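Written below as structure tokens is the structure these notes are about.
Readers should treat all values here as calculations from the given coordinates under stated rules, not as data from a laboratory. Model, not experiment: these values are computed from the prediction. Neighbour counts run over all protein chains shown; Cβ positions are idealised from the backbone, glycine included.
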Amino acid sequence: MTIRVPFVDLKLQHQPIQAQLQQAIQLVLEQGDFILGEALSGFEAAFAAASGAEYGIGVASGTDAIALGLQACHIGAGDEVILPVNTFVATLIGVLHAGAKPIFVDCDPQTALIDLEAAAKAITPQTKAIIPVHLYGQMVSPRDLLDFADTYKLLIFEDAAQAHLAERDGYRAGSVGIAAAFSFYPSKNLGAFGDGGMLVTGDPDVAQKMLRLRNYGASQKYVHIESGTNSRLDTLQAAVLHQKLPYLPQWNSDRLRIAQQYDIELATLRSAGIIPMENQSGTGHVYHLYVIKVDDSCLRERQQIQEQLTAAGIQTGIHYPIPCHLQPAFTNLGYQQGDFPQAEKLAKQILSLPMYPGLSNSQIQEVVVAINKSCCAFNLLPREVVQ
Ligand SMILES: *Cc1c(COP(=O)(O)O)cnc(C)c1O
């Protein structure tokens, strides 16, 4: 099977800047400072500034940015942390590794973002923080979040793993809460040549504690004032990421162009029950993923549409097929099927279409034509709509 439209294409992103990436890697090889090297602090400062934050602390992954970041914010044992149930499992794992108790809430079916009304109902005297996940590249409204946090006296800890440089209500992802976690997993909007992550914060105490936690709890060499771990962003990865950072705005705007093109081309398929997830933040959405949902009435057809796209050489994904509360590893949290009806339904409706900088208009058209064809095949559309 030849792939006509891949889900992501990282080569396309790296080829035009290959020489400068190799040069940056070469420099680290020559300097030999592979751990906590010069290129790391340079990138930390640049990425924090780009995200509207004072401090950046590079770690081994986005998961560690959440787990250690929560601890750096003094969130842990005895604290409850509210998070959306429809997130990548790493958000949950981060909360658990910090020692806090995860409290799931449902989502808004139009955007798939956390439902703040549901969150308000989940608050108890133990609630310490809320983790808004800026899912698919769209921020949870900072205005609503800040109102919420102010009303209930909670900390905001952003999961911005899918939202590098996203904006909404005049805020950047990373500048809303006490701290924010980013991931540099290769396919994220800003990706390393392996795993990586960063905590950004405006709070100097949180930054200092985070610096210790990622480095065995050391306040200075061989003096350990708390029990930390080994989780640092490699100097090599930081060097690569720093070279890529200046291109991130143009890559994000290319993602926006692609999303707008999908929106236009998919408009005629609304009557067939194909509905793009809502963009409520205009040009501030950075479209880590472009997600459509099939109407309630065609849940069975989602799989068939996906299979037909695969057969046509078009790769798609589902983000995410099983909400966190139904994952086998976490039944001990005490949740059950039916607890989060919106997220459970959405998991059966959603489909992520190919999305990456450089995806061409003709490829977009190919994807939409293939969706259109399968809608007709499954009688979601009358034949005459076929172009
Ligand atoms: C990718 C991702 C993470 C985890 O990042 P890793 O670098 O893979 O550990 C956390 N939360 C969300 C929403 C993500 O998409």
Q: Please state which of the following conditions Ala122 fails to meet, knowing it meets all the rest: (1) without any contact (Cβ under 8 Å) to a residue 60 or more places away in the chain; (2) within 15 Å of the ligand (Cβ to nearest atom).
A: (2)
(Q) Suppose we filter the stretch 166-188 for residues that are in contact (Cβ under 8 Å) with a residue 60 or more places away in the chain and either within 15 Å of the ligand (Cβ to nearest atom) or small (Gly, Ala, Ser) (or both); how many remain? (A) 14
**Q.** Filter result (free of Cβ contacts under 8 Å to residues at least 24 places away in the same chain and of a type outside the set (Gly, Ala, Ser)) within the stretch 311-331
**A.** Leu326, Pro328, Thr331
Q: Find all pairs meeting these conditions: Cβ atoms under 9 angstrom apart; at least six residues apart or on different chains; first residue within the stretch 55-66 and under 16 Å from Val240 (Cα atoms); second residue among the polar types (S, T, N, Q) and within 9 Å of the ligand (Cβ to nearest atom).
A: Ser61/Ser183
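Yes or no, residue by residue, for (1) surrounded by 20 or more Cβ atoms within 10 Å (Cβ to Cβ); (2) aromatic (Phe, Trp, Tyr):
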site: Pro321; (1), (2): no, no
site: Asn332; (1), (2): no, no
site: Phe340; (1), (2): yes, yes
site: Leu359; (1), (2): yes, no
Q. Does any residue of the stretch 139-151 turn out to be buried (at least 24 other Cβ atoms within 10 Å of the Cβ) and in contact (Cβ under 8 Å) with a residue 60 or more places away in the chain?
A. yes
Q: Mind listing just one residue for me: the one in the stretch 46-91 that is assigned to a helix (DSSP H, G or I) and near the ligand (Cβ under 9 Å from one of its atoms) and, of those, surrounded by the most Cβ atoms within 10 Å (Cβ to Cβ)?
A: Ala65
Q. Of all the residues that make up the stretch 50-81, how many are under 17 Å from the mean Cα position of the chain (by Cα) and among the β-branched types (Val, Ile, Thr)?
A. 3
Q: Answer yes or no: is there a residue in the stretch 130-149 that is part of a helix (DSSP H, G or I), within 21 Å of Met277 (Cα to Cα) and touching a Pro at 6+ places or on another chain (Cβ under 7 Å).
A: yes
(Q) Conditions first: (1) within 15 Å of the ligand (Cβ to nearest atom); (2) not in a helix (DSSP H, G or I). Leu96 passes all but one, so which condition is the exception? (A) (2)
